[in-house]
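No lab work stands behind these numbers, since they all come straight from the coordinates. Every value quoted in this text rests on a predicted model; they were computed, and no experiment measured them. All Cβ positions, even for glycine, are placed from backbone atoms using ideal geometry, and neighbour counts span all protein chains on display.
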Amino acid sequence: MKFSMVQLLAAVVVVMSVCLLREAVAHSIHRPLSAPLHSADTDSMVRLVAQHAQSSDNDTDTKLMPDIDTKKQNHRDICCLHANILDFYLSNILTTKEKQDKHHPKLPALKEDLARVSRDLEEHGCAIKHYNDHHHSKAFRKKLSEMEAGKGMKKAIGEIDILFTFLKDFCVHA
């Protein structure tokens, strides 16, 4: 079997293209789907807002965020479940309706970044509303509704760092 120089060159180009494509896919697997998920500024705001709420939360026994067995669910489901909880946060918890002195001054900027995360995840295929009936999402909302309004909101804002960590860890290209 004889190969012409053009055929050999074409074969080399195909092999190199496959290798480069494989390399690109491998690097994208761990890249978050939304820029704020890997922003040091957003990470810092999450930490500051959570710590501010935690500093006045005396209830250390209650936890709102669900415990999820990450080994039994795929990353996409865990991501979209937490995107659903984030959507609830954006609509019901991260409001600035109350007096401004009760909230951390970074809350409005953080809400803007988290709204971007929610939009980005929905654009990447998270059917956020589909997870409204997920048992973890229901459990979160039920626990929150059983708490006194102010205490529940404070607890939820104090746990925003947990939510953000799940989003950072599981909302990546698959």
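Odds and ends about this structure:
- Rough spin-label spacing in nm, given labels placed 7 Å along Cα→Cβ, for residue 48 and residue 68: 2.7 nm
- Sequence ranges 150-160, 33-43, ranked by mean other-Cβ count within 10 angstrom, highest first: 150-160, 33-43
- Per-residue extension of 0.36 nm, minus the Cα-Cα distance of residue 56 and residue 145, leaves a gain of 30.1 nm for this segment.
- Label-to-label distance, residue 91 versus residue 41, with points set 7 angstrom from Cα along the beta-carbon direction: 2.9 nm.
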